[in-house]
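Written below as structure tokens is the structure these notes are about.
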Amino acid sequence: MRVADGVYVLPIPRGSREAEGFLNLTLILDDENGNTLVDTGLPGQAEVIASALANAGIGVRDIRRIIFTHQDLDHVGSGASLVRQSGARVLAHAAEAPYIGGELKPLKPTPEMLEQRPQMREILQRLEPVDVDESLQDGERLDLAGGTRIVFTPGHTPGHTSLYLERTKVLVAGDALTAEEGRLNGPNPAVTLDTDEAACSVRRLAELDVETVVCYHGGVVSEDANGQLQRIVEESSGNLNK
Ligand SMILES: [Zn+2]
């Protein structure tokens, strides 16, 4: 799905049943500086991702860089396979790199999360580490799609990072925000490691001038994105005052 000039969202089914929902990868096309894929689904989804890329008119080998918003297994899952096929450079925040690269055990699923969803154990076993080539810094501007700003949005994980595409005003929010049928919501508290920090991150995102938000879980929100961001900030500060 094309959301702006050179920006595509690739919804990948989470599992065999439709009810399990979709993971929304973002593809940023840039003829000059190379194409970028943001996040890479679950382990074993490289082929599904390849056909989604084909629908957007490119092959896996045309991916020059992969940016991980964070370490969770539904974001880095097929990264190793896609890197092998494409030779893409891998970028992520330094706080996430050791988890993605396999030097540290991923922070999630936590034992409590595994108890709730034991089927994640098998997926976790298939997770391959991916070496991070380049660390992303808060405020850094990548020469990509007319300028892409790195917005550090910790909380969901310690090094969670969002991307703001300046030219198209697209915010790739990863899991810093969620959405449901066009309604923007805050991060899912059940899988957010530090909810206070995550609320601060939402306030940072609300300072941006956004036309379109891409949530990894929930997809594209384009109706009154700025207004909806403000609403979430107000709702969360209301909760704090209670
Ligand atoms: Zn996720």
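Residue under question is Thr36, and the condition is that it be surrounded by fewer than 19 Cβ atoms within 10 Å (Cβ to Cβ) and over 19 Å from Pro13 (Cα atoms); does it hold? Taking the combined requirement at face value, the residue does not satisfy it. Filtering Ala190, Ala176 for residues that are of a type in the set (Gly, Ala, Ser) and over 23 Å from Leu27 (Cα atoms) leaves a single hit, Ala190. Taking region 1-41 as the region of interest, the strands (runs of 3 or more DSSP E) fully inside it that hold 1 or more residues being closer than 12 Å to Arg64 by Cβ and more than 12 Å from the ligand (Cβ to nearest atom) are 22-28, 35-38. Filtered by the rule that a residue be of a type in the set (Ser, Thr, Tyr) and either in a helix (DSSP H, G or I) or over 17 Å from the mean Cα position of the chain (by Cα) (or both), region 185-221 gives Thr195, Ser201. Here is the figure for region 27-49: residues that are of a type in the set (A, V, I, L, M) and within 16 Å of the chain's Cα centre (by Cα) total 6.
Within region 167-217, if we keep just the residues that are in contact with a Ser or Thr (Cβ under 8 Å, 6 or more places away or on another chain) and among the polar types (S, T, N, Q), the residue that is farthest from Val233 (Cα to Cα) turns out to be Thr168.
Being more than 15 Å from the ligand (Cβ to nearest atom), open to solvent by 10 Å² or more (accessible area, probe 1.4 Å) and on the phi > 0 side of the Ramachandran plot is the requirement here; does Gly238 meet it? Criteria not met by Gly238. The set of residues from region 141-158 being open to solvent by 40 Å² or more (accessible area, probe 1.4 Å) and within 17 Å of the chain's Cα centre (by Cα) comprises Arg149, Phe152, Pro158.
Among residues of region 103-119 being surrounded by 14 or more Cβ atoms within 10 Å (Cβ to Cβ) and under 20 Å from Pro154 (Cα atoms), the one that is nearest to the ligand (Cβ to nearest atom) is Lys108.
Within region 52-75, the set of residues being open to solvent by less than 10 Å² (accessible area, probe 1.4 Å), outside any loop (DSSP other than H, G, I, E, B) and either within 14 Å of the ligand (Cβ to nearest atom) or acidic (Asp, Glu) (or both) comprises just one member, His75. Could you look through region 4-33, keep only residues that are of a type in the set (D, E, K, R) and more than 23 Å from Arg167 (Cβ to Cβ), and pick out the one that is least open to solvent (accessible area, probe 1.4 Å)? Out of the qualifying residues, it is Arg14. Of all the residues in region 76-102, those that are among the polar types (S, T, N, Q), surrounded by fewer than 18 Cβ atoms within 10 Å (Cβ to Cβ) and within 16 Å of the chain's Cα centre (by Cα) number 0.
When region 183-219 is filtered for residues that are closer than 22 Å to Leu10 by Cβ, within 16 Å of the ligand (Cβ to nearest atom) and either touching a residue at least 60 places away in the same chain (Cβ under 8 Å) or surrounded by fewer than 17 Cβ atoms within 10 Å (Cβ to Cβ) (or both), the ones remaining, listed by number, are Asn188, Val191, Val214, Cys215, Tyr216, His217, Gly218, Gly219. Of the residues Thr161, Thr168, only one is within 15 Å of the ligand (Cβ to nearest atom) and surrounded by 15 or more Cβ atoms within 10 Å (Cβ to Cβ); which? Answer to the selection: Thr161.
The values are calculated or read from the model by the stated rules, or taken from the named source; none is laboratory data. Worth saying up front: this structure is predicted, and the values here are computed from it rather than measured. Neighbour counts run over all protein chains shown; Cβ positions are idealised from the backbone, glycine included. The area values use the complete protein model at the heavy-atom level, side chains included, leaving out ligands, DNA and RNA. Shrake-Rupley method; radii C 1.70, N 1.55, O 1.52, S 1.80 Å.
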